[in-house]
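Single-structure report; data block below.
The values are calculated or read from the model by the stated rules, or taken from the named source; none is laboratory data. Owing to the predicted nature of the structure, the values given are computational and were not obtained by experimental measurement. Using ideal geometry, Cβ is built from the backbone for each residue, glycine included, and neighbour counts are taken over all protein chains shown. Ligands, DNA and RNA are stripped out before the accessible areas are found, and what is left, the full protein with its side chains, is counted by its heavy atoms. Shrake-Rupley method; radii C 1.70, N 1.55, O 1.52, S 1.80 Å.
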Amino acid sequence: MKPELMRMALILGLLSCVGPFAIDMYLPAMPVMAEEYGVPTAMSQYTLVSFFIAFGICQLFYGPAADMFGRKPPLYFGLVLFLIASVGCALAPTIEWLIALRFVQGIGAASVMSIPRAIIRDRYTGTEATRLMTTVMLVISISPMLAPLVGSLLMAPFGWPAVFYGVALATVASLFLIRFALPETLSVSARTPLELSAMFDAFRVLLRDAYFMGMTLIGGVGMASFFAFLSVSSFLYTDYYGLTSTQFSLAFALNALGFFTASQFAANLCERFGGVAVVKWAVVGFALSAAVNLLLNLLGMDDFAILVGLLLLGNAFLGLVLPTTMVLSLDEHGPIAGTAASLGGTLQMMLGAAAIGIVSAVFDGTPLTLVAAIAICGALAAVLFMLTLRRPAEPVPT
C-alpha cells in the first residue's frame, strides 16, 4: 500500500476506534456494574441500547453537517461531547444516570462513525477506496481484541469507573490527532448549501436508491449479528461457561481475529472478481456458518469450542461483507458522501440497537438465543442480497 494510503488509514482507523472502545472496553464490567448498582442484568444491558440508539440516530446530523461545514468541525464537537460524557459515566451515582450519560456518549461517538467514511470517499473510489476501507477496518478490528482485555486490566486494581477514564484519555489523544495529523478533505467550494431542503433532498435520493439501501442493509444485518453477541456475550461466557473476565476477553478477541484477517483480502478479491461477487459469496458463507451453529445447538451439541469456532468463521465472512458493502453503497454518491455515510451508519446502528433490545429481552442464559439471532441475521442478509441483485451486477475487471 502507498505510504499516503497507509498514513490516512492509520489516522482514520484510530479515530474510528473511539466508538468501539466505548462499547467493548467495558463489556467485562457489565456483570460487576449490575451487581454494584443492585439491578437486574437487563438494566446493565440498557446502557448498551441507549448508546447505540444515540450512536445511530445522531449520524443523521453529523453527515449533513460534514457536507456543509467540512469534515473536521463536526469531529471536534462530537469528541469533546464524548469526552465530557465519558467522565460523567465514571462518576454516575445510579444505573439510570449511567444509561443517560451513555446516551450522551453515543451522541458524541456518532461523529467518528460516519465522517471517516466520507473522508475516504472524498479522495478515493473503487479498489483504492476498498483497500483503504479494509485497512481502516483492520485498525478498528484490533479494538475488540484489545479493548475488553484493557478493560479487565483497568478494572482489577481500580474498579469499573477506570474503564471510562481510560476512554476519556483515548479521546484526548484523538483530538490531538485531528488537530495536527488529519487534513481537511472537503474544500469550501465543494460544500453543500446551509439549507435544510438540501439535506432532505439528499436523504430522498438515497432512500429511493435500491442499490444503496440494499448494500447498506446487508451490512446492517451483519452488524446486528455482532451486536447481538455484544449484548449477551459477557453473561453467556462468564455465567454459563464459567470463564473469568480475562478469559472472556481472550475468547472475545477471537471474534475479531477472523474478521480482520479476512478483511485484508477484500480489496484484492474485489479487484479480481468485482465487489458484488465478493459480497455474494461472503453472505452465503456467513448464512451457512450461522445456520450450522444453530442446527448443532438444537441437536444438543452445546460445546464451547464449536460455538467459538463457528462464530470466528462467521465473522471472517463478515470481514469481507462489511467493508465491501460500505464502499459499494457510497461509490455513486460522491457529492453527498457525508450524508450517505451518515444515513447508512444510522440505519445500521438502528438494526444493531434493535438486535440488542430483542436478544436482551429473550435471553435465557443459554447459547440458543444468540445462535438463533445470528442465524436470522444470516438469512436476512441472503434475502437482501437476492433483492439487491435485481440491479445488474458490476462488470468483473479484466
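With protein chains left intact and a 1.4 Å probe, residues in segment 1-128 average 35 Å² of accessible area per residue. Short-range pairs are left out: with C-alpha atoms under 8 Å and at least six residues apart, the relative contact order of segment 1-126 is 34 percent.
Quick one: compute the contact order of the chain, relative version, from alpha carbon pairs under 8 angstrom and 6+ residues apart, as a percent.
On the way: 672 pairs, mean separation 110.2, N = 398.
28 percent.
Checking (1) 21.4; (2) 18.3; (3) 23.5 against the coordinates, the calculated mean projected area of the Cα convex hull in nm² falls under label (2). The calculated 222 nm mean residue ellipticity attributable to helices in the chain amounts to -27500 deg cm²/dmol, summing -39500 (n - 2.57) over DSSP H runs of n ≥ 4 and dividing by all residues. Can you tell which of M33, A305, V87 lies farthest toward the positive end of the dipole of the chain, using +1 and -1 charges on the Cβ of basic and acidic side chains (Lys, Arg; Asp, Glu)? Farthest towards the positive end: V87.
Solvent exposure of segment 141-243, expressed per residue, is 43 Å² of accessible area, with all protein chains present and a 1.4 angstrom probe.
The portion of the accessible surface of the chain made up by carbon and sulfur, rounded to a whole percent, is 72 (1.4 Å probe; DNA, RNA and ligands excluded).
Dipole magnitude for the chain: about 860 debye, using +1 per Lys or Arg Cβ and -1 per Asp or Glu Cβ, origin at the Cα centre.
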